[in-house]
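Enquirer: First, the structure itself, so that you have it in front of you.
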Amino acid sequence: YEVADTSLEDIKYVLHPKFRADQIAKLDFNTAYSRGLDGSDYLPGFIGLNNIKETDFVNAVVQCLAHIPPLRNFFMDAASYKGRDSTLVSQFGQLMRKIWSSRNFKGQVSPHELLQAIGNASNKRFRIGRQSDPAEFIVWILNALHEGLGGTRRAGSSVVHNTFQGELRMVTEKAKKKVRPYENPEFERTSGHVNFLYLQLELPPAPLFKDEMEENVIPQVPLYTILQKFNGRTIHQLITGERRQYIITRPPKFLILQIKRFTRNNFFKEKNPTIVNFPVKNLELRECIPPHTTPLH
């Protein structure tokens, strides 16, 4: 039975925080710190998530998604997804509101309920106690949230696709027939458009040799350089013998870039230590976007 006692209001709000439309609109402009029961100060939206036995890969992704305004604002209002029969959607929204709540008991919250929902929805692919790749996880959870919100293949059919989905033009060149090594093959050229939620970037091979101090050299590369993959001119040789070019024809509102650091062979997994230098603001994508779409972005 329900206990009607005003002294329990704080506990009820911590468990199920609610936000008005005007409060949601001001989230990014709040600079006021809140104080927990333990006396510590915290800034709503910038708090910790408990690491429950090797679940840091989930925490890293959730922290990123909690700061994407269109996605965050959608889930801050539970009425946005009312009637959706998805525990994952419900628990994701609940955690978003707890992260941004100004009335938490302390400066961190537990993602335990969301972790349980993730384990069930992924058939234990992502679960408590098992370390996983955050790049694989972010792709999975975005697709799972899209489906849970009733999204379809149609562009913009959910807040997920409306926020993160872009479009690529992919040009493929395939040799018409096998030729001898000294002959120039003739290529058959085809093109098509594909949607994406993220772009994968490859790093240049790490150096095999040490410097004069007998220390391993850690190379650096600008983000702009590895983005040339999508300028429509760079040719990528596939292991099938085909050649491929990419160009972004419709950029998303928020672009997710995945830097491929790990390669696996028959014996072990190897990490490329190359440092990628990138601007905090004003990332230039002019080379990767056709001229007729540039003014729109």
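No lab work stands behind these numbers, since they all come straight from the coordinates. Please read all numbers here as calculations on a predicted model, not as lab measurements. Neighbour counts are summed over all protein chains in view; Cβ atoms, including those assigned to glycine, are modelled from backbone coordinates with ideal geometry.
Enquirer: For the chain, take the longest principal axis of its alpha carbons; what is the angle in degrees between that and the long axis of helix 134-148, to the nearest 10 within 0 to 90?
Expert: 60
Enquirer: A follow-up question, please. Excluding residue 113 itself, what net charge comes from residues whose Cβ is under 13 Å from its Cβ, given Lys and Arg +1 and Asp and Glu -1?
Expert: Value of the local net charge: +2.
Enquirer: Determine which lysines satisfy two conditions relative to residue 82: a Cα distance under 16 Å, and not lying fewer than 8 residues away in the same chain.
Expert: Cross-link targets: 18.
Enquirer: From the cross-link list 177/229; 26/229; 260/281; 229/269, which pairs have alpha carbons spaced over 32 Å apart?
Expert: Pairs exceeding 32 Å: 26/229.
Enquirer: Sort the following peptides by mean Cβ neighbour count (other Cβ atoms within 10 Å, averaged over residues), highest first: 162-168, 90-96, 232-238, 39-45.
Expert: 90-96, 162-168, 39-45, 232-238
Enquirer: For the stretch 59-137, what is the convex hull (Cα atoms) projected area averaged across all directions, in square nanometres?
Expert: 5.8
Enquirer: Short version: ³J(HN,Hα) in whole Hz for each residue of the stretch 29-38, in order, from phi by Karplus 6.51 cos²θ - 1.76 cosθ + 1.60 (θ = phi - 60°), x for Gly and Pro, what are they?
Expert: 10, 6, 10, 7, 7, 10, 10, x, 5, 7
Enquirer: For the chain, I need the span (max minus min coordinate) of the C-alpha atoms along each principal axis, in Å, sorted largest to smallest.
Expert: 86, 53, 39
Enquirer: Dimensions of the stretch 225-297 along principal axes (Cα, Å, largest first)?
Expert: 49, 33, 18
Enquirer: Next question. Excluding residue 193 itself, what net charge comes from residues whose Cβ is under 11 Å from its Cβ, given Lys and Arg +1 and Asp and Glu -1?
Expert: Net of charged neighbours comes to +1.
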